[in-house]
Amino acid sequence: MSKMTSSKPYLIRAFYEWIGDNNMTPYVVIKSTVEGVRVPQQYVENDHIVLNIAFSACDKLVIDNSFISFQASFGGVIQTILAPIKAVEAIYAKETGKGMIFSEDDNDEGDSLPPTDHTPPTADKPDTSKDKKKGHLRVIK
């Protein structure tokens, strides 16, 4: 069985779109200590930075399966922001606080339920179980 990719970047993109469709401002919370994060350190508090990723606040926004990147102005200076997806801890609407908080488990390569031993019956192998009830049709007037 092949591993699926993480659902986290897809959820981030979906929440970004949902927040924008509702005319709200999308914010992300980034953990600044994750390897590969490039953010202005003077705005980091308790190893986290909250960033406005609204269309009007940033330029060249990319939410890829492996990172978020964009350019934004901090104190009048344009800076390039780069954050691996694993560094994103939340995305939410500034106005309502509605969104999603991610756990450490969301950084796994794939999100899945444990595999089961159940194999559904196929057309080649008819189900021969004795407990099976026959269906019937009747006309209701």
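The values are calculated or read from the model by the stated rules, or taken from the named source; none is laboratory data. Model, not experiment: these values are computed from the prediction. Neighbour counts are summed over all protein chains in view; Cβ atoms, including those assigned to glycine, are modelled from backbone coordinates with ideal geometry.
Here are a few things to note about the model shown:
- Residue tally, condition in a strand (DSSP E or B) and touching a residue at least 40 places away in the same chain (Cβ under 8 Å), over the stretch 65-78: 1
- In the stretch 51-67, residue surrounded by the fewest Cβ atoms within 10 Å (Cβ to Cβ) [restricted to those that are in contact with a Lys or Arg (Cβ under 9 Å, 6 or more places away or on another chain) and over 19 Å from residue 6 (Cβ atoms)]: 52
- Residue check, residue 90 modelled with pLDDT of 95 or more, over 15 Å from residue 6 (Cβ atoms) and assigned to a loop (DSSP other than H, G, I, E, B): no
- Out of 70, 74, 15, one residue alone is modelled with pLDDT under 95, among the aromatic types (Phe, Trp, Tyr) and surrounded by 11 or more Cβ atoms within 10 Å (Cβ to Cβ). It is 74.
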